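The values are calculated or read from the model by the stated rules, or taken from the named source; none is laboratory data. All figures in this text were calculated on a predicted structure; none of them were measured in a lab. Positions of Cβ are generated from backbone atoms using ideal geometry, with glycine treated the same way; all protein chains shown enter the neighbour counts. Heavy atoms of the whole protein, side chains included, go into the accessibility calculation; ligands, DNA and RNA do not. Shrake-Rupley method; radii C 1.70, N 1.55, O 1.52, S 1.80 Å.
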Amino acid sequence: MKVNKRVILMTPSMSKGGAETQLLKIASFLQSKHHKVLIISLKPIDEFNGDIRKAGVDALFLRNWSSAPFSNIQILYKTIKKFRPDVVIAFMFIAIIFARLLKMRLKFKLISTIRISVIPKKWYMPFKLTDGLDDAVVYNSVASMINFEKQKLVSKRGIVIHNGITIPQHTKIDGELVNGSFKWVCIGHFRWNKDYLTLFKAIALLKHKNFTVDIVGDLNGELWPKKTIEELNIQDYVNIIGFKKEAHSFLGQSDAFVLSSFSEGMPNAILEAMAYARPTVVTDIDGNHELIEKAQCGLLCEKQNEHDMASNMLKIMDMSAADRTALGAKGQQHIKARFSEEQVMGEWMQLIDGLAG
């Protein structure tokens, strides 16, 4: 007989990012299977515009820690004690550290999930000091698992559960240009790790070509992007779309995908581009390398190197329609085989059942 589980998913915030998107997908899946689910955000940030409520998932958002540190700790402890979780899934380092400490008193099963290959220095010591309190460690890429285990940052052997991606039913995969000129799309908010400066410089090197780049992401109040675009005289080549809830819909109107990040985990944006059968040009960093090398669906360029990025973008634009189609099809097949939501959610459910069974 199937027994419903009580599961808490803890995260630093509900910012609109890849890790938080996956967390919400897991929470929604568990809720749909009639398990009792609670999302706990350690910060009062919700950028999902009502999606949590629409999914019917309960959520607790703590207050600003600078003004309410002690009450936050009290609320966090009392909430978890009252909820009596069978399993807590902690996303990212500060949530993992909090969950490990709380587990010492509240005795739940803990799944710590690591979403990036490198740990920031500020979390290194508390992360190491609380090592060993996890019941399971989940990575979203093989590269992250290898890095953490090689550096002995975790004592427990981990497992890899990929990000779950929705596979679109209909995609353009004939390689022909969508709108006459070549249209690139880049999906990502203007945050430090996205390195849009390198992308802008690469675009400036390609001004002899007929193309545009649509950037789907929030400026986050930054003024430098538009100033830099003007300084490089690339206004006719760059369209900053801003934040869009259904950002992946822009992939269906594009010819290829580009991403200039110098730090990523397993980027949802690349996974979605592959699901839409788009050839890709992305930086050669751990998660990106793992994806593109296995799928053979695009080109890798040296991070923070605009000349290498421009060269690889040019190669994609100069390819025949048939060659672009072949690249895109390989990426889509890779996603179908390893990243489908049905498969990924089944893996999460199996893990939760195994710990709480």
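Looking only at residues of the range 106-121 that are modelled with pLDDT under 95 and out of contact with any Gly (no Cβ under 9 Å at 6 or more places or on another chain), we find that the one that is nearest to Ile335 (Cα to Cα) is Val118. Do we have His170 as within 16 Å of the chain's Cα centre (by Cα), of a type outside the set (Ser, Thr, Tyr) and either at pLDDT 90 or above or assigned to a loop (DSSP other than H, G, I, E, B) (or both) here? Taking the combined requirement at face value, the residue does not satisfy it.
Just checking, does the range 122-140 include any residue being of a type in the set (Asp, Glu), more than 18 Å from the chain's Cα centre (by Cα) and either at positive phi or surrounded by fewer than 18 Cβ atoms within 10 Å (Cβ to Cβ) (or both)? Yes, the conditions are met somewhere in the range 122-140.
Being over 14 Å from Phe190 (Cβ atoms) and touching a Pro at 6+ places or on another chain (Cβ under 6 Å) is a property that Ala273 lacks. Restrict the check to the range 315-332 and report whether at least one residue is of a type in the set (Val, Ile, Thr) and in contact with a helix residue (DSSP H, G or I) (Cβ under 6 Å, 6 or more places away or on another chain). No, because not a single residue in the range 315-332 is of a type in the set (Val, Ile, Thr) and in contact with a helix residue (DSSP H, G or I) (Cβ under 6 Å, 6 or more places away or on another chain).
Cβ separations smaller than 6 Å between residues 6+ apart or across chains give the following pairs from the range 219-242 residues that are within 11 Å of Tyr196 (Cα to Cα) and free of Cβ contacts under 8 Å to residues at least 40 places away in the same chain to residues that are in a strand (DSSP E or B) and open to solvent by less than 90 Å² (accessible area, probe 1.4 Å): Ile229/Val238.
Name the single residue that is surrounded by the fewest Cβ atoms within 10 Å (Cβ to Cβ) among those in the range 218-246 being among the aliphatic types (A, V, I, L, M) and farther than 26 Å from Glu302 by Cβ. If you could, list the steps in order and put the result at the bottom.
So in the range 218-246, the residues among the aliphatic types (A, V, I, L, M) come out as 219, 223, 229, 232, 234, 238, 240-241.
Filter again for farther than 26 Å from Glu302 by Cβ, leaving 219, 223, 241.
Working: Leu219: 15, Leu223: 8, Ile241: 15.
Result: Leu223.
Only residues that are under 19 Å from Asp308 (Cα atoms) and among the polar types (S, T, N, Q) were counted in the range 211-264, giving 4. Restricted to the range 43-52, and to residues there that are in a loop (DSSP other than H, G, I, E, B) and in contact with a strand residue (DSSP E or B) (Cβ under 7 Å, 6 or more places away or on another chain), the residue that is least open to solvent (accessible area, probe 1.4 Å) is Phe48.
Sort through Glu176, Glu149 and tell me the only one that's modelled with pLDDT under 95, open to solvent by less than 70 Å² (accessible area, probe 1.4 Å), acidic (Asp, Glu) and outside any strand (DSSP E or B).
One residue alone meets the criteria, Glu149.
Restricted to the range 53-107, and to residues there that are assigned to a strand (DSSP E or B) and open to solvent by 20 Å² or more (accessible area, probe 1.4 Å), the residue that is farthest from Leu9 (Cα to Cα) is Phe61.
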